[in-house]
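The values are calculated or read from the model by the stated rules, or taken from the named source; none is laboratory data. Predicted, not measured: the structure shown is a model, and the values here were computed from it. No Cβ is skipped: glycine too gets one built from the backbone with ideal geometry, and neighbour counts run over all protein chains shown. Note: accessible area is taken over every heavy atom of the protein model, side chains too, but ligands, DNA and RNA are not part of it. Shrake-Rupley method; radii C 1.70, N 1.55, O 1.52, S 1.80 Å.
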Amino acid sequence: MRENKKNKLSIILILLALSLTIMIFFLYANNKNNDKPAISSPKVSHEETKYENINVYTKEEWGDDQRSLLYVSYPVTENKIINLELEKKSQLFIDEYKNMAANNEIAYQDYLKETGEAPVSLITEYIQHFDISFTTEKYLLFIFDQYRSTGGTGSANSVSLLFNRITGEELALSNLFSKDNYLEELSSRSRKILNERMNKEADELEFSNEAAKLEWRERGLEQIDSGTKPVTDNFNSLIISENRELVIVFDKYQVGPGSDGVVTVKIPLSDISAILSEDLRNIFDISQKEEEDPSDEKETIDNPPLSTVDCSVDKCVALTFDDGPSVYTNKLLDILKEKNVKASFFVLGRSAKIQADTIKRIFKEGHVIGNHSWDHKNLTKLSEPEIEKQIADSDRLIKEITGYEMTLLRPPYGSYKKLVQESTDKAIILWNIDPEDWKVKDAEIVSTRMSEAEAGSIILAHDIYPSTIEAIPQVIENLKQKGLKFVTINELFAPEKVGKGQALRYRPY
Ligand code: ZN
């Protein structure tokens, strides 16, 4: 084992040295673009790695006047079948380079002829490095990093190759796993990590307004979603690190903007022991966790039962929050929890998608979730199918996250007409107390206005403004002093069931 570590260190050093050589070449090429003689004969070298029986084959080739560069390295093992395969794969890369360099050279000469000037960006660079992820008597796992640049921006991708070291057979990466559903597992885990990373980044970045932030996150989320779909192509680059982690390498542009470059996600092998192949578990000495009961895996969330408040007798008031969830919603939930107050949240589908965990929390802590459309379109300006889509998309998402089927609709801007009423089987919940918190953004004014509520009132507020959240503790104090009890919309109208197309502003006493 110790020998093995030394070996790994050595290969890293060798690769480092190779990278340095390349960098020096680049510097040289950039600085001495005009007076350096053309090198067209390829340099080929064989170096030993400290892995037993694994050598490095390196080929480096500059085109005329250094307008193209090929650098290829790949391992040479004791197994001829493996070597042939690696050679073949590398040759494909080399052929692609030659084609590209030739085409670029033609374009270069054309441009020169037409304009009398040399184009600056028509440079072809093809670079392939490899790394050894792990070796055993039976397995070899290599990772190839390939970089292609044809002027302007370059693209980088990496792909892992797994071989049976004895037979030389190339094996699918699925051989590292014991379960057919391993892709789903890798997908959901990397999605979670990438989403968290993005949310953190969103909090650190400066946005001109909340909408711009939402937009940014939505775009990011879509990219993560598509780049981590559970298909083999999305998970074709896997490394097993010395720290016993599975490292998933996502290509440039796969799960984020090009500026992110290649993105990696690390998962400790012990966390995914249930899906690892027996061989892998043995190699890395990882014990298999108890088979999880699949019914436990799917988190089921309970919405606590409604309170015992009877609004036909007690004086009730309903706090409602629109347009969330937002980055401030958790703070609001903390306050409501501390004061033991239940509220109703009319959420946007597109925000709920980004903050699914917040939705879970709202539901878990006994609040009611209502539909506020997918992305805050004025429903009265839409066709019937569009209205239905706005409502149904949100319904589906909330059901997916919580298992709950929403029964309340608050149309954006409170705008509805007959068509909206006919398009939904939900009750339309409006309000009779509007602090205009979106306009004043002042906790004290908002608190004073909300505190005007009486028995039966429905109070409108928005959990997307910090000033609104700040007002809530005082509002709760003031209204409790008036002898009012805080209830959800469902409780407010109980025992009557509110239903299809009914529009309600308050509970009459
Ligand atoms: Zn709204």
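Remarks
- Shape of region 116-179, Cα gyration tensor, a/c cut at 1.5: prolate
- Relative contact order computed over region 332-472 (Cα-Cα under 8 Å; 6+ residues apart), in percent: 20 percent
- Rg/Rh for region 143-260 stands at 1.04; both radii use Cα atoms, and Rh follows the Kirkwood definition.
- Rolling a 1.4 Å probe over the protein heavy atoms leaves residue 509 with an accessible area of roughly 130 Å².
- Dividing the convex hull volume of the alpha-carbon atoms in region 372-481 by its residue count gives 121 Å³ per residue.
- Across region 154-214, counting alpha-carbon atoms alone, Rg and Dmax equal 19.0, 60 Å.
- Mean separation of Cα contacts under 8 Å, 6 or more apart, over the residue count of the chain: relative contact order %: 9 percent
- Region 339-378 shape via C-alpha gyration tensor axes, a/c threshold 1.5: oblate
- Convex hull per residue volume in Å³, alpha carbons only, for the chain: 205 Å³
- The residues neighbouring residue 165, those whose beta-carbon lies less than 9 Å from its own, together hold a net charge of -1 under the Lys/Arg +1, Asp/Glu -1 convention.
- Here region 434-484 has an Rg and Dmax of 10.1, 29 Å, counting Cα atoms alone.
- Relative contact order computed over region 192-274 (Cα-Cα under 8 Å; 6+ residues apart), in percent: 22 percent
- Overall form of region 419-509 per C-alpha gyration tensor (a/c, 1.5; a/b vs b/c): oblate
- Heavy-atom SASA rank of 188, 259 (probe 1.4 Å, accessible area, largest first): 259, 188
- Axial C-alpha extent at least 20 Å, average Kyte-Doolittle at least -1.0 - helices from the chain (DSSP): 2-31, 80-115, 384-402, 466-481
- Set of aspartates and glutamates with alpha-carbon distance to residue 213 below 16 Å, sequence-local pairs under 8 removed: 196, 201, 203, 204, 222, 323, 375, 463
- Among the listed pairs 331/389; 353/381; 192/229, those whose Cα-Cα separation exceeds 22 Å are 331/389; 353/381.
- Accessible surface of region 90-143 [probe 1.4 Å, protein heavy atoms]: carbon and sulfur percent: 53 percent
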